[in-house]
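Reading through the structure tokens given below for one structure.
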Amino acid sequence: MSELYEQIAESVVNGMADEVENLVQKAINQGMKPKEIINNGLIVGMNEVGELFKNFEMFVPEVLISSQAMNKGMEIVKPLLKEGDVQKAGKAVFATARGDLHDIGKKLVIMMMESSGYEVIDLGVDVKPEEIIQAVKEHNPNIVGMSSMLTTTMPAMKETIELLKENDLYGNLKVMIGGAPVTEKYADEIDASYSNNASAAIELANRLISCMQAV
Amino acid sequence: MAIKRRNKRAVKLDDSIRTNQVSNNSIQFRVLNENQCERLYNAVLEVMENVGMQIHHKGAVELLRNAGCWVEDDGITVKIPSHVVKKAIASSPSRIVLSNRNKKRKLFLERNNAYFGPGPTLLNFIDVNTGERRPVVKNDVLNTAKVVDALPNIDFCMSLANISDCTSDLADVHEVHAMLQNTTKPIVTWAFDRDNLDTIIKMFEVVAGGEKELQMNPNVLIYSEPTTPFVHTYEAVDKLLYLAEKGLPQNYTPAVQAGATGPATRAGTVIVGAVDTLAGLVISQLKNPGAPFICGGVITNMDMKTTVMCYGSPEFAVMHAATVDLFKYLNIPTFSTAGCTDSCILDEQVGIDQAITIYTAALSGGNIIHDVGYMDGGMVGSLEALCMGDEIIGEVRSIMRGVRVDDEALGLDVIEKVGPGGHFLNEKHTMDNFRKEFWYPETIERSNYEDWKNSGSLTYRQKLNIRAKKILEEHQPQKLTDDIIEQLDILVEEAEKRCKK
């Protein structure tokens, strides 16, 4: 039994989508619980991927291939899940700050967050503070993520946070920001949290979520 | 049941029509053109025929005399007519293959294939644990072999030593004893004289399983030196004849210093070096036509302010490249030098000198490129410098591959698929290509400031030290069998007895 879980995890680490598909189907046929297939196989593999990436032993494209392989497995298991079997790690609304069209870093963070089980709504680039407020009201996320590549677009992130406060939304969520000119100090000043790369962003998101659950 | 065949491996023939296409599969570089090579070669022939050389070995002088060379009354000075040189070059093999210890053919010394490794006979070593400069010991050779074995871009092993903690006349033998047990990579090594060389070759034969086995798949190349300009000692020639007879590969390596042991011009210095190494080739071919022989050397200048022999000058780089061009013109495998420095400690200058000499040596395509990890103008060795060289060679090799231009590399399909504002991170094309098109360093820093700071704010020097120590702690070179190790020990003991007489 556990051997099959190990094989699933290994196939996820190796980014073998076909293999994951076959193994997950095999597990279902053998009567294994969908929830356990996810928690003991697919997620175990993806956690290992995160660890390898953090230690520079795995590269971004390989992480993404692994996450695609995991999703292949998820697609098979999902229809069999019962209500409450699997919880999303969290829900996030992401945007590139007003006036800024640079978003490769944000895209990277979003993909990594999705790989880690987050649901992420990407509002795109050059997003006005008001649009972010609108999206928060609509989606009710745990996290708002913003990025900025230019010193000139950083103030839009501050404006957004002020607007969240004015609308009484700030207390229900956490704000994380990033981008080349952004610093820890700036984040502190505007009441946001900062991370300096994609895997640090996932760790930050996890930390923020567990803070909120602890409250 | 109808079986549908899906052969995913079948790649369709590219049916687009492109005629007379010529691609550069690598960077293009040359110091001397055909015409310049010819002119230099004729100058070399003229020096050999007109100036001649001193050969302090009666047997070799007789070989030369019988081949039509002119021997003067002193019985030492020999002038070699051009036709004798040409005949020798013609019988000398244009390619030599070095195998690893397991007889797998690894280094193809032909055309522009460039292989890198450390150098020989350094008297001092920088202790990897204390940073102290001290006399080199046998354990340093053991460590060097281990590090060479582990480093991905170091292709052959040399000792980085003339060890101090053994019978002083047997440093060469003890070094081979240490290297053979700690790396499977081909070994380039040196010997004091014929007796020691005989012991060393017997050690290699024991590992290979016999004389013929070693000849067929040699994992050894012997390095010896004339005394520039134009003096060939008894020991040097005697070793040369021994190896020619054995049919084992050797390189005969002049160390020319422009302005001191060579003229103060680049071309003149290349000529003096070439005359010395070719004299060795002629003797080897007269002894045994077809004996594998590699030409080249350390071709540099004396610094006229400090009188040191430069190991990191720009002229060092370009004169080696010119020498390689000349021997490639003659279709002889080449020996070159790079990855070394005049700096006395591991500092920024080591990086500058290594990068420039390695880059130029790789561009010029010398076959056996030695002295990676040399410091202080050939006086001290360092494992950290060797690790630095490995990283630079990796980087340079990636540049040498140039820019591949074919349908897959043009990537039109994936560019169209991604389109404006999209990204390539998630594409199969990226996954298929990023590792083969882009090189990734082991020690070169590419983290951002926060990550660098959080991982200990390490300087590059510290990282090299960590890497060297990590290899020494973790790397396990393939072991020889107890029986073979015992036979090697016996050969060393016999040499010790011989020396005590």
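From the list B:PHE424, B:PHE434, pick out the single residue that is in contact with a Ser or Thr (Cβ under 6 Å, 6 or more places away or on another chain) and without any contact (Cβ under 8 Å) to a residue 12 or more places away in the chain. Walk me through it before giving the result.
Values: B:PHE434 fails: in contact with a Ser or Thr (Cβ under 6 Å, 6 or more places away or on another chain).
Sole residue among the options that is in contact with a Ser or Thr (Cβ under 6 Å, 6 or more places away or on another chain) and without any contact (Cβ under 8 Å) to a residue 12 or more places away in the chain: B:PHE424.
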Quick check on the stretch A:151-167. Is at least one of its residues under 22 Å from B:PHE424 (Cα atoms), surrounded by fewer than 21 Cβ atoms within 10 Å (Cβ to Cβ) and of a type in the set (D, E, K, R)? no
Hey, among the residues in the stretch B:411-423 that are under 16 Å from B:ASN433 (Cβ atoms) and modelled with pLDDT of 95 or more, which one's surrounded by the fewest Cβ atoms within 10 Å (Cβ to Cβ)? B:LEU412
Answer yes or no: is there a residue in the stretch A:101-119 that is under 30 Å from A:ASN22 (Cβ atoms), of a type in the set (D, E, K, R) and within 14 Å of another protein chain (Cβ to nearest Cβ). yes
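Given the residues B:GLU175, B:GLU205, which is the only one that is over 19 Å from the mean Cα position of the chain (by Cα), part of a helix (DSSP H, G or I), in the same structural domain as B:LEU248 (by TED's automatic domain parsing) and surrounded by 18 or more Cβ atoms within 10 Å (Cβ to Cβ)?
The match here is B:GLU205.
Across the stretch B:152-170, what is the number of residues that are outside any loop (DSSP other than H, G, I, E, B) and surrounded by fewer than 24 Cβ atoms within 10 Å (Cβ to Cβ)?
Keep residues of the stretch B:152-170 that are outside any loop (DSSP other than H, G, I, E, B), which gives B:157, B:168-170.
Subsequent filtering for residues that are surrounded by fewer than 24 Cβ atoms within 10 Å (Cβ to Cβ) retains B:168-170.
The number of residues fulfilling the criteria is 3.
Residues are listed down the side, and each one gets a yes or a no for (1) more than 15 Å from the chain's Cα centre (by Cα); (2) modelled with pLDDT of 95 or more:
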position: B:LEU98; (1), (2): no, yes
position: B:LYS106; (1), (2): no, yes
position: B:ARG111; (1), (2): no, no
position: B:LYS138; (1), (2): yes, yes
Search result, residues across the stretch B:350-378 that are surrounded by fewer than 24 Cβ atoms within 10 Å (Cβ to Cβ), at pLDDT 95 or above and under 26 Å from B:SER164 (Cβ atoms): B:ASP376
Unmet criterion (only one of (1) among the β-branched types (Val, Ile, Thr); (2) within 20 Å of B:TYR252 (Cβ to Cβ); (3) within 19 Å of the chain's Cα centre (by Cα); (4) part of a helix (DSSP H, G or I)) for B:VAL147: (2)
Checked against (1) of a type in the set (Lys, Arg); (2) closer than 23 Å to A:MET112 by Cα; (3) outside any helix (DSSP H, G or I), A:LYS82 satisfies every condition except (2)
Take the residues of the stretch A:66-79 that are crowded, with 21+ Cβ neighbours inside 10 Å and more than 14 Å from A:MET113 (Cα to Cα): which is nearest to the other protein chains (Cβ to nearest Cβ)? A:ALA69
What is the number of the single condition among (1) at pLDDT 95 or above; (2) under 24 Å from the mean Cα position of the chain (by Cα); (3) of a type in the set (S, T, N, Q) that B:ASN42 does not meet? (2)
Scan B:ASN35, B:ASN25, B:ASN42 and give me the residue that is assigned to a loop (DSSP other than H, G, I, E, B) and surrounded by fewer than 16 Cβ atoms within 10 Å (Cβ to Cβ). B:ASN25
Going residue by residue through the stretch A:86-97, is there one that turns out to be more than 10 Å from chain B (Cβ to nearest Cβ) and assigned to a helix (DSSP H, G or I)? no
Using the structure shown, decide if A:GLU83 is more than 11 Å from chain B (Cβ to nearest Cβ), without any contact (Cβ under 8 Å) to a residue 24 or more places away in the chain and under 22 Å from A:ALA17 (Cα atoms). no
Of residues in the stretch A:11-63 being aromatic (Phe, Trp, Tyr) and farther than 20 Å from A:ALA89 by Cα, the one nearest to the other protein chains (Cβ to nearest Cβ): A:PHE59
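Quick grid of which residues meet (1) more than 14 Å from every other protein chain (Cβ to nearest Cβ); (2) free of Cβ contacts under 8 Å to residues at least 24 places away in the same chain:
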position: A:GLU138; (1), (2): yes, yes
position: A:ASN142; (1), (2): yes, no
position: A:ASP168; (1), (2): yes, yes
position: A:ALA187; (1), (2): no, yes
position: A:ALA214; (1), (2): yes, yes
Suppose we filter the stretch B:440-452 for residues that are more than 10 Å from every other protein chain (Cβ to nearest Cβ) and charged (D, E, K, R); how many remain? 1
How many residues does the stretch A:1-15 contain that are more than 16 Å from A:VAL77 (Cβ to Cβ) and part of a helix (DSSP H, G or I)? 5
Evaluate the stretch A:53-60: report whether one residue or more is among the charged types (D, E, K, R), closer than 27 Å to A:ASN197 by Cα and outside any helix (DSSP H, G or I). yes
Being hydroxyl-bearing (Ser, Thr, Tyr), in contact (Cβ under 8 Å) with a residue 24 or more places away in the chain and not in a loop (DSSP other than H, G, I, E, B) is the filter here; which residues of the stretch B:440-463 pass it? B:TYR460
The one condition in (1) basic (Lys, Arg); (2) surrounded by 14 or more Cβ atoms within 10 Å (Cβ to Cβ); (3) within 30 Å of B:ALA208 (Cα to Cα) that B:LYS104 fails to fulfil: (2)
In the stretch B:52-76, the residues that are in contact with a Pro (Cβ under 9 Å, 6 or more places away or on another chain) and farther than 21 Å from B:PRO289 by Cα: B:MET53
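So, restricting to helices (runs of 4 or more DSSP H) that lie completely within the stretch B:382-439, which ones have at least 1 residues that are within 14 Å of chain A (Cβ to nearest Cβ)? Steps first, answer last, please.
Working: elements: B:383-400, B:407-410, B:412-418, B:428-437.
Hits in the stretch B:382-439: B:412-418, B:428-437.
Looking at A:ASP18, A:ASP100 in this structure, which one is touching a helix residue (DSSP H, G or I) at 6+ places or on another chain (Cβ under 6 Å), charged (D, E, K, R) and either surrounded by 21 or more Cβ atoms within 10 Å (Cβ to Cβ) or part of a helix (DSSP H, G or I) (or both)?
Going through A:ASP18, A:ASP100 in turn, the sole match is A:ASP100.
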Restricted to the stretch A:43-64 and to residues being touching a Phe, Trp or Tyr at 6+ places or on another chain (Cβ under 9 Å) and of a type in the set (A, V, I, L, M), the residue surrounded by the most Cβ atoms within 10 Å (Cβ to Cβ) is A:VAL63
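The values are calculated or read from the model by the stated rules, or taken from the named source; none is laboratory data. The model shown is predicted, which means the values in this text are computed figures rather than measured ones. Cβ sites come from the backbone with ideal geometry, for glycine too, and all protein chains shown count toward neighbours.
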